[in-house]
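To keep things clear, I will list the structure first and then write my remarks on it.
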Amino acid sequence: MEGLQKDIDELRERMPHNLVSIDNPKPINYYVSDQEIFVIDEVKKGAYIDPVSDGRFLIQDELPASSPDKFLLALAVDMQIRAPEGTAYDHSIHDVRVTFIDLALAQVGFRSRIDHPNLRTGLISSPEFFEMVMRLAGERGILMGILIALQKFFKGPMHPCPRCDSFYEAFTNMEKERAVIAYKYRAIAKHPALFSPGKIEWDNTWFAPEFIKAIESGTDEALSSILTEEAEGVFSFPIFSQKFCDMLMDEVDNYAASGLPKKRPNSMNNYGLILNEIGMANFFTQFQRKYLQRLSSYLFPIQGASLDDHHSFIVQYKQGEDLGLDMHIDDSEVTLNVCLGREFSGAGLTFCGNFGHSAHRKKSLAYHHVVGRAILHLGSRRHGADDISTGERLNLIVWNRCHAFRSCSLMDRWPGEDAEGGPDLVCLSRTHDQDYDLQFLKKFKEEEKERKERK
């Protein structure tokens, strides 16, 4: 720990041209057994952490037969890196997290959105990158080695080949397009404070007073005092003021009037806006660290222990556009969903069970939105948006991700058999359930049989 802190202090004194800022190391948790199993839940599935010769840890899918019993302390060093001039990422600033386990380099990943062929779920996956780091580490130090290797990373694929070069060109074209849109919109944004590329100056009037009080206290008791457990594993709490909700809706309207291109928020919603794409990625990265991380780790100590990426966007529901949303799970570890407005009726949320559990198609909650109030749940929780009856509803969605969790095989687990009694029809997904029609036919036949028996 002392050696790592010394390296950080020396970097701060020298401030290499591509280093914008670097934080002191902070502890993060990996749940393990004595055999160093990266365990996700009670079913003992996860990934084996295997130390290898070059000082890294390889995340493997095969598990030794052992029960989880403790947390393994890891250290994270967060940095802001400036990409080199003359590349597709020209002078852009990126958030990078370096993770150490037992002071050995484990992972280097991006906490800000970036496209590159040598990234896998936000983590640098190139052996050439780590080989370069380890060659430089003895003479320059591990962190300086990472800074130098990152410069090469930005300039092209770490392992050049025709296929790699083609991917790099495609990825960097997407990066350029996103940077141009963000640059153009930042110049006309209604609320420039939300689009700062540097440190965000947080305004407490953006938040509900009780939320700020609980976060500033930071104790479990203070956090618990603002939480309502709407159903097991689904929590609501006050978060934003009307002022901030109006600010976000101002930006949605202003962007729509700008004529700048926009993409669908995700593969399910047709209407809304990806906030990361218009210059707000840095805002929500800092929001995640300052406000969401503490709550997520308190409520979801495995999936939410170390959030390091996000997809932040607005969804819109109204007559003539998207009315509701089919049952689904999110591409996230922890999802934040906040109603911003406007006037509407209907358009609630129906929750079922967690993916991978027998009750995943059993109804657990019908939730009614309140402006400025957040709902927080695992991304693996099946849910759907009820159809809107009148008006228009806008919600902020933040899909919070944890790359360490995504390294384990549990992410791909099939949901398995339904609980006794079969699924609740309201929890069926026309898009995702192959037995959708069969289940409705089965239910129809059961009801028909009951009617005949009553006669």
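All conditions in (1) within 22 Å of Glu230 (Cα to Cα); (2) under 18 Å from the mean Cα position of the chain (by Cα); (3) small (Gly, Ala, Ser) hold for Ser267, with the sole exception of (1).
Filtering segment 323-355 to residues that are surrounded by 20 or more Cβ atoms within 10 Å (Cβ to Cβ) and among the charged types (D, E, K, R) leaves Asp330, Glu333. Any residue at all in segment 286-304 that is in contact (Cβ under 8 Å) with a residue 60 or more places away in the chain and touching a Ser or Thr at 6+ places or on another chain (Cβ under 7 Å)? Yes; the residues of segment 286-304 include at least one that is in contact (Cβ under 8 Å) with a residue 60 or more places away in the chain and touching a Ser or Thr at 6+ places or on another chain (Cβ under 7 Å). Here Gly122 clears all of (1) free of Cβ contacts under 8 Å to residues at least 40 places away in the same chain; (2) touching a strand residue (DSSP E or B) at 6+ places or on another chain (Cβ under 6 Å); (3) at positive phi except the condition numbered (1).
Might you let me know whether segment 264-272 holds any residue that is free of Cβ contacts under 8 Å to residues at least 24 places away in the same chain and of a type in the set (Lys, Arg)?
yes
All of Ser225, Ser241, Ser236 fail the test of being crowded, with 18+ Cβ neighbours inside 10 Å, touching a helix residue (DSSP H, G or I) at 6+ places or on another chain (Cβ under 7 Å) and hydroxyl-bearing (Ser, Thr, Tyr), apart from Ser241.
Within this structure, Asp220 passes the test of being surrounded by fewer than 16 Cβ atoms within 10 Å (Cβ to Cβ), over 26 Å from Asp326 (Cβ atoms) and modelled with pLDDT under 95.
Name the residues in segment 204-217 that are closer than 28 Å to Val20 by Cα and surrounded by fewer than 12 Cβ atoms within 10 Å (Cβ to Cβ), would you? Selection gives Glu216 alone.
Among the residues making up segment 120-157, a single one is aliphatic (A, V, I, L, M) and modelled with pLDDT under 85: Leu123. Applying the set (1) at pLDDT 70 or above; (2) of a type in the set (Val, Ile, Thr); (3) within 24 Å of His310 (Cα to Cα) to Ile40 leaves exactly one unmet item: (1). All of Asn270, Asn282, Asn266, Asn254 fail the test of being touching a Ser or Thr at 6+ places or on another chain (Cβ under 8 Å) and either farther than 24 Å from Tyr317 by Cβ or of a type in the set (S, T, N, Q) (or both), apart from Asn282. Among the basic types (Lys, Arg) and farther than 17 Å from Phe240 by Cα, is that true of Lys213? Considered against the rule, which asks whether it is among the basic types (Lys, Arg) and farther than 17 Å from Phe240 by Cα, Lys213 comes out as no.
The values are calculated or read from the model by the stated rules, or taken from the named source; none is laboratory data. Quick caveat: nothing in here was measured; it's all calculated off a predicted structure. Here the Cβ is made from the backbone with ideal geometry for all residues, glycine too, and neighbour counts use every protein chain on show.
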